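**Student:** Structure in structure tokens, see below.
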Amino acid sequence: MSERSRRAFLATGTALATVGLAGCSGGGGGGGGSAGESGDEPITIGVLEDRSGNFALVGDPKHKATLLAIEEINEAGGINGRQIEVFDPDPQSDNQRYKELTERAIQQEDVDVLWAGYSSATRETIRPTIDREDQLYFYTTQYEGGVCDHNVFAVGPTARQQLGAVLPYLVDEYGTDIYTIAADYNFGQLSADWVKVLASENGANVLDEEFIPLSETDFGSVINRIQEADPDFVMSMLVGANHTAFYEQKASAGLEVPIGTSTAMAQGYEHRRLDAPAMSNIFAGVNYMEEIPTTRNTDDGGFVDRYFEMWPDAPYLNEEAQTNYFSVYMYKQAVEQAGTTDQEEVKAALESGITYGAPEAPEGEEIALDGATHHVDHHMWVMRCDDQHNVEAVENRVIPEQFLSGTVGCDLTQEDEETQYTPQDYYEEAG
Amino acid sequence: MSSTDEAGQDPAVRETPAVKATGAGTDRLLKTEDLTMQFGGLTAIDSVEFGVREGELRCLIGPNGAGKSTLLKLITGRHVPTEGKIYYDGTDVTDLDPHQRVREGIGMKFQVPSVFESLTAAENVRLPLQRVVEGDLTEQVAAALARVGLAEEARTEAADLSHGQQQRLEIGMAAALDPNLLLLDEPVAGLSVEERREVANLVTRLNDEGITFVVIEHDIDFVDRIADEVTVLHQGDVFREAEIEAIRNDDAVRKIYLGAE
Amino acid sequence: MTSPYERLFGRFEGPNTIGNTRVFWAGLTVALALAAAYPLVVSAYTAGNTALFMLYGLLAMSLSLVWGYAGVLSFGQVVFFGFAGYTFGIVSINLGSTLGVTMAIPVAVLVATVVAFLLGYFMFYGDVSGVFVAIITLVVTLVMQTFMAQTAGDEWTIGEVPLGGFNGMPGIPNLAVGTEGAAVSFSGASFYWLVLTILVVSYLGLRLLVNGRFGYAMVAVREDEDRVEMLGYDIRRVKLVVFTLGGGLAGLSGVLYASWGNYIDPSVYSLAFATLPVVWVTVGGRESLLGGVLATVAIEWFRQQLAITGSAWATVVVGTLLLIVVLALPEGIVPFVHRKTVGFVEGRRMVGEDTPAADREGTAE
Amino acid sequence: MVNVVNLLFQFLDSFAFIVLAAIGLAIIFGMMGVINLAHGEFIMVGAYGTTLAYNAGAPLLLSIPVGVLATTVMGLVLERSVVRRLYDRPLDSMVATFALGLALTQLTRIVFGNSLSSIGIPLGSVQYGQFSYSMYRVLLSSVALAVLAAAYVVFTRTEFGIRARATIQDADTASAMGVETDRMYTVTFGIGSALAGLTGALYAPTMSIVPGMGSSFLVEAFVAVVTGGASVLLGTTLAGGGLGLVNALFSNVYGTFIGQIALLFVAVLILRFLPNGLSGAVEGVRERMERENT
């Protein structure tokens, strides 16, 4: 079957939905951004991030960092002199709740822009609504990549960026034999595909890969299989609280192979939660962690200080929190550039090439939002955890988004799409 | 037919020879063959050969734990026997489900009165009838109620009926299906003298109308009033089978009752 | 003998339903008129949001039927709900036309019905009963969740549609009836009216069923299985029929759900979602068809409001209130209110209560 | 050769997990007919109690009883205040315990945050050839066996056990014979709670300590209870052994994904062909053999 025909049909499905709505909706706000707002009317931002349920651990910092950015902006006089108001219910890690609240945020609260969701499942749950309403939407989690959607700004790092940071480093340091373990769902499967792509780009080979159900907590057989394969290093894209058990169990079993990861530490701060040395010799490829040694981040009065000043009881400032934080500022820039909150004009402004001095970028550098793909060329770091659970940066460089721009040719400035591409497209396009 | 149990018994009881339980005649409506039922290590029914002739009104008595209710449950299909066969009207019904036996013509009234309390008497009687009668049920319902003397109570909810009326209603529900064989488990337990008389009259009348009965009952006076023939069960087996007079005067029977109390 | 009123409503009335008076039917008509007018006065969002709660109400009604009326506690209503939702997605996306969407509806409901039949057959004809039915259906639900969550790989693609694993299945079209050119597509207010219509038709259909012969048998099975078996009923068959029917209704609800959100994912099989129908029906009153629906709309609205506040205490409040209802109002809110208010006026008591009986034989026949 | 050792360890690991996940649920369900949907939260409370005690400076061996005690006390309080009102309404007790679970999870989150820093797994590893296995996880299987043995002794060899089982079989008769049935229920519920707490306490070092952690035990727990059948202890043992073997074998050969699928598939087969569960089937065979011998 061809990816194109599916894509074509999905577009039809959405068109049908839009027609249906146009035929029946009576009253109500409708999306698309209301024109003609006055100069001092507040801007409404929707922030749907989990503060309870399974994803609260990673979702709560996202919520807090967004509020920090908003408070800073409001204190500095708002956006074009307009204060920001927040609609921030708790979706409780429940996709159905996300769906309802997204509808409400757009139709009832009439938000000008929306931040929502941790998991890809959540993003896919609400994307039909987002696209039906042409709602400007920031998705800030690190994810598998490939979303090419007129309305979606997926500003977190992609799997290709994260793995692209850590995998070549580990090949250089430890050797070419890789064993992949990944969560058995879309993110994990696609990430594992990217490991294979990157391995072949870097002259390494994947000995074997194993997908582990999200509900699994027992890693005895996984550890045995890794020992049997005897790789130079392991790539781990395990996800969620259950999978955290792997790191404790491998330490207890005495498995000492280096592990590269895109998921551990930066999101769920395992190096703070687990007893040392569970995370010893684990290398995270990330755009941000609390420990990133940039002046904007760790200097006095830097991002970390401001965050904990506002939220003294917060446990950690994680990767996604920074993405929420800088993307609010990118939105601010775009509105100021467009001179309006009209969503289509703001999207156009965002597509014009916004740059921002985010905490992840070293002094004097900025990260750039790529207008064609709605993704960010991140400054990526390789962070190593030692046996005392201290984290240090061992490498850093800018890694642009390559897949959408380079491989599948997504250019949202030229053509509106609402698609998610996968590594299969990589193989198809690459022949 | 086997003799009574092995060791550990009251010698007087053990010495008494057992009668031939199957009795005379071959026109048996119901017949069990080597029927055995074990629960865990316990043998509740032990190789019983029990039979009822068409038109008979047979009472089943015996001390607590003799296996009376178990035997009835085996006949209705509520229990599956460990061994043995049950024949009804000449065919083997051992493997039939309870509702299939009901459809073959075996009716049953439980020990605990279990009418549907929230329904009226008429609605209770409707339940068995609506399964077999197409169209309007009004006449059949009225007839079935009249049959057990509850015509007046048609619209009374079962919960508001007296105990005796509930017993009769339940018999009426079973009788509404025109069974050939009706099994009653202690139909007068807890009833007043007057109510007992009413139930007794009802049972003999239905028997006269052609329904064969097997009745479990403790109350020997009630048994006296209705029974043609009495079967005494003891320790899971048939102990005596005779007319009521003979049973009344049987010392061995008296002994097992006393021994069990 | 029979008045026009009885000719019109007689078959919908009986001891197995609450609301057997002219007042009730008049009230219901007024309530329906108001419900039908609702989308005209509220935003499309509110109408669509309420439609979601109402389609959950249909799921609740399916459980009222199997649990409240036949005494079979199924934790598996969401299994049929999910099967139908997924099937609707697979078929409609694969066929990819309005006619395809139309055809997907009966196919999905049929699949749910067949799944319910198979599960019911293997439970009831395996002589599983009582609380074990609850626990087996619960296990089936959890098994489905585990299973569906790991269907992310390419091997789990049916036709053109990947099952999607944990991420679920996006792109499910809106409900539509007709062929190309002559089609009605349902969304917003029209979807609301569709759900309302389905709900009313199901409600009346179930009233007809539970007050008919089969309904008597069903309730009798709930009250006393052994007893009803000795009246010649095959209780396994009765339970299987009710369970299968309930599965079909839950399936219909699942179709509405999948098309409402254009999406379905394995969380429909989660313990939290599987318990919701039980919660709705317990709170509303399991022996009342309408009670479950009203409770569903009220509870889901309330839970949503709590989520909107963003309060950390939201689920604590929900849990506590639920506990209070279960402990204080065992019969459920609607039967309780009914008993306290109109019950004695109607002169007909509900199952298991101790008030004098009255004349209603006329309407039963 | 070495694979056999791997398989053995994995089997012991699976066996322990299934038995410990199920035992508290199985006793409360099997003895009392109450399906405790807050079972996962009971386990979570055990883990939290243990972890909090450990983080406060107590050694692990002392922290484990703290977790057990916390769960037991909570179980007893809930039995007295909620569950006992619902003994004649087993289905409502499911709704009530579900509600309790909801509230417990979120209360834990409110009080203790989204996670606790966890206890490291003690005892190191067993090395054999190129392989190694966590000593503690292997040790858990002996604990599981000990728990089963202790429960067996309590419920079949003690005065309490006999009274408890009499109560379960026929509460009216038991109370007519002078058994305080109320107390039997309370104590049985307390034992079930304590065992759930023990499970949480034992697995606390091996898992991420988050409010929702209990849910990861639920599938195995319910599957074991259903496939085990009516005879609680025998059923749990057989389910742990049978399902554990299937899980270990398929995980070992084909990976954890196939291991889980195989476990669920076998559970469905058991339900289909052994409606009385594993214990029912075993007891059936035993009875038949006894009959043939007499």
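**Student:** Only one of (1) in contact with a Ser or Thr (Cβ under 8 Å, 6 or more places away or on another chain); (2) modelled with pLDDT under 85; (3) surrounded by 21 or more Cβ atoms within 10 Å (Cβ to Cβ) is not met by D:L37, so which one is it?
**Tutor:** Result: D:L37 passes all but (2).
**Student:** Among all residue pairs at least 6 apart or on different chains, which show Cβ distances below 7 Å where the first residue, located in segment C:10-22, is among the aromatic types (F, W, Y) and the second is surrounded by fewer than 22 Cβ atoms within 10 Å (Cβ to Cβ)?
**Tutor:** Correct list of pairs: C:F12/C:L204; C:F12/C:L208.
**Student:** Here's a follow-up. Filter segment A:205-221 down to residues that are closer than 19 Å to A:Y185 by Cα and within 7 Å of chain D (Cβ to nearest Cβ) and give me whichever is surrounded by the most Cβ atoms within 10 Å (Cβ to Cβ).
**Tutor:** It comes out as A:I212.
**Student:** Let me ask another. Kindly check whether there is at least one residue in segment D:179-199 that is within 13 Å of chain A (Cβ to nearest Cβ), assigned to a helix (DSSP H, G or I), touching a Ser or Thr at 6+ places or on another chain (Cβ under 8 Å) and within 22 Å of C:L271 (Cα to Cα).
**Tutor:** Taking every residue of segment D:179-199 in turn, none turns out to be within 13 Å of chain A (Cβ to nearest Cβ), assigned to a helix (DSSP H, G or I), touching a Ser or Thr at 6+ places or on another chain (Cβ under 8 Å) and within 22 Å of C:L271 (Cα to Cα).
**Student:** Any chance segment A:83-94 includes a residue that's part of a helix (DSSP H, G or I), crowded, with 24+ Cβ neighbours inside 10 Å and at pLDDT below 90?
**Tutor:** no
**Student:** Moving to a separate point now. For the structure I just gave you, tell me whether C:L206 is over 25 Å from C:G48 (Cβ atoms), more than 8 Å from every other protein chain (Cβ to nearest Cβ) and either in a helix (DSSP H, G or I) or in contact with a Ser or Thr (Cβ under 9 Å, 6 or more places away or on another chain) (or both).
**Tutor:** Considered against the rule, which asks whether it is over 25 Å from C:G48 (Cβ atoms), more than 8 Å from every other protein chain (Cβ to nearest Cβ) and either in a helix (DSSP H, G or I) or in contact with a Ser or Thr (Cβ under 9 Å, 6 or more places away or on another chain) (or both), C:L206 comes out as yes.
To keep it simple, each residue is scored yes or no on (1) under 22 Å from B:A189 (Cα atoms); (2) hydroxyl-bearing (S, T, Y); (3) touching a strand residue (DSSP E or B) at 6+ places or on another chain (Cβ under 7 Å).
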| site | (1), (2), (3) |
| --- | --- |
| B:E54 | no, no, yes |
| B:L71 | yes, no, yes |
| B:T76 | yes, yes, yes |
| B:V80 | no, no, no |
| B:I86 | no, no, yes |
| B:V115 | yes, no, no |
| B:N124 | yes, no, no |
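**Student:** Quickly run through segment A:53-71 and pick out the residues that are β-branched (V, I, T) and within 12 Å of another protein chain (Cβ to nearest Cβ).
**Tutor:** Scanning segment A:53-71 gives a single hit, A:V58.
**Student:** Does C:V326 satisfy the criteria of being more than 14 Å from chain D (Cβ to nearest Cβ) and touching a residue at least 40 places away in the same chain (Cβ under 8 Å)?
**Tutor:** No.
**Student:** Sort out which residues of segment C:96-109 are touching a helix residue (DSSP H, G or I) at 6+ places or on another chain (Cβ under 8 Å) and over 15 Å from C:M169 (Cβ atoms), and write them in order of number.
**Tutor:** C:T98, C:G100, C:M103, C:I105, C:V107, C:V109
**Student:** What helices (runs of 4 or more DSSP H) lie completely within segment C:1-92 and have 1 or more residues being more than 11 Å from every other protein chain (Cβ to nearest Cβ) and crowded, with 20+ Cβ neighbours inside 10 Å?
**Tutor:** Those helices (runs of 4 or more DSSP H) span C:44-63.
**Student:** Still on this structure, I have one more. For A:M265, all conditions in the list (1) surrounded by fewer than 23 Cβ atoms within 10 Å (Cβ to Cβ); (2) at positive phi; (3) under 22 Å from the mean Cα position of the chain (by Cα) hold save one; what is the number of the exception?
**Tutor:** Failed condition: (1).
**Student:** I need the full set of residues from segment D:203-228 which are of a type in the set (F, W, Y) and either away from chain A (no Cβ under 11 Å) or surrounded by fewer than 24 Cβ atoms within 10 Å (Cβ to Cβ) (or both), in order please.
**Tutor:** If the condition is that a residue be of a type in the set (F, W, Y) and either away from chain A (no Cβ under 11 Å) or surrounded by fewer than 24 Cβ atoms within 10 Å (Cβ to Cβ) (or both), then D:F222 is the only one that fits.
**Student:** Still on this model: As an exercise: evaluate B:E186 against (1) more than 20 Å from B:I220 (Cα to Cα); (2) in contact (Cβ under 8 Å) with a residue 40 or more places away in the chain; (3) more than 10 Å from chain C (Cβ to nearest Cβ); (4) buried (at least 20 other Cβ atoms within 10 Å of the Cβ) and give the number of the one condition it does not meet.
**Tutor:** Result: B:E186 passes all but (1).
**Student:** Follow-up. Does segment C:179-225 hold any residues that are in contact (Cβ under 8 Å) with a residue 60 or more places away in the chain and basic (K, R), and which are they?
**Tutor:** Passing the criteria: C:R207, C:R222.
**Student:** Which residues, taken from segment A:274-292, are within 7 Å of chain D (Cβ to nearest Cβ) and either within 13 Å of A:M383 (Cα to Cα) or surrounded by fewer than 24 Cβ atoms within 10 Å (Cβ to Cβ) (or both)?
**Tutor:** The answer is A:D275, and nothing else.
**Student:** Take the residues in segment C:123-162 that are more than 11 Å from chain A (Cβ to nearest Cβ) and in contact with a Phe, Trp or Tyr (Cβ under 6 Å, 6 or more places away or on another chain); name whichever of them is nearest to A:A183 (Cα to Cα).
**Tutor:** C:M144
**Student:** Could you list, in sequence order, the residues of segment B:83-127 that are among the β-branched types (V, I, T) and assigned to a loop (DSSP other than H, G, I, E, B)?
**Tutor:** Of everything in segment B:83-127, those that are among the β-branched types (V, I, T) and assigned to a loop (DSSP other than H, G, I, E, B) turn out to be B:V93, B:T94, B:V112, B:V115.
**Student:** Pull up segment D:234-291, narrow it to residues that are under 20 Å from the mean Cα position of the chain (by Cα), touching a residue at least 60 places away in the same chain (Cβ under 8 Å) and surrounded by fewer than 22 Cβ atoms within 10 Å (Cβ to Cβ), then point me to the one that is farthest from the other protein chains (Cβ to nearest Cβ).
**Tutor:** Filtering first and then ranking leaves D:G241.
**Student:** Given the criterion part of a helix (DSSP H, G or I) and within 14 Å of chain C (Cβ to nearest Cβ), identify the matching residue among A:Q161, A:Q189, A:Q227.
**Tutor:** A:Q189
**Student:** What is the residue count in segment C:230-244 for residues that are more than 12 Å from every other protein chain (Cβ to nearest Cβ) and surrounded by fewer than 23 Cβ atoms within 10 Å (Cβ to Cβ)?
**Tutor:** So the answer is 3.
**Student:** Another question about this same structure. Go through segment A:250-272 and report how many residues are part of a helix (DSSP H, G or I) and either more than 12 Å from every other protein chain (Cβ to nearest Cβ) or at pLDDT below 90 (or both).
**Tutor:** Of the residues in segment A:250-272, 3 are part of a helix (DSSP H, G or I) and either more than 12 Å from every other protein chain (Cβ to nearest Cβ) or at pLDDT below 90 (or both).
**Student:** For C:T151, all conditions in the list (1) touching a strand residue (DSSP E or B) at 6+ places or on another chain (Cβ under 6 Å); (2) surrounded by 17 or more Cβ atoms within 10 Å (Cβ to Cβ); (3) at pLDDT below 85 hold save one; what is the number of the exception?
**Tutor:** For C:T151, the failing item is (1).
The values are calculated or read from the model by the stated rules, or taken from the named source; none is laboratory data. Here the structure is a predicted model, which means the values were calculated and not measured. FYI the Cβ positions are ideal-geometry reconstructions off the backbone, even for glycines, and counts take in every protein chain you see.
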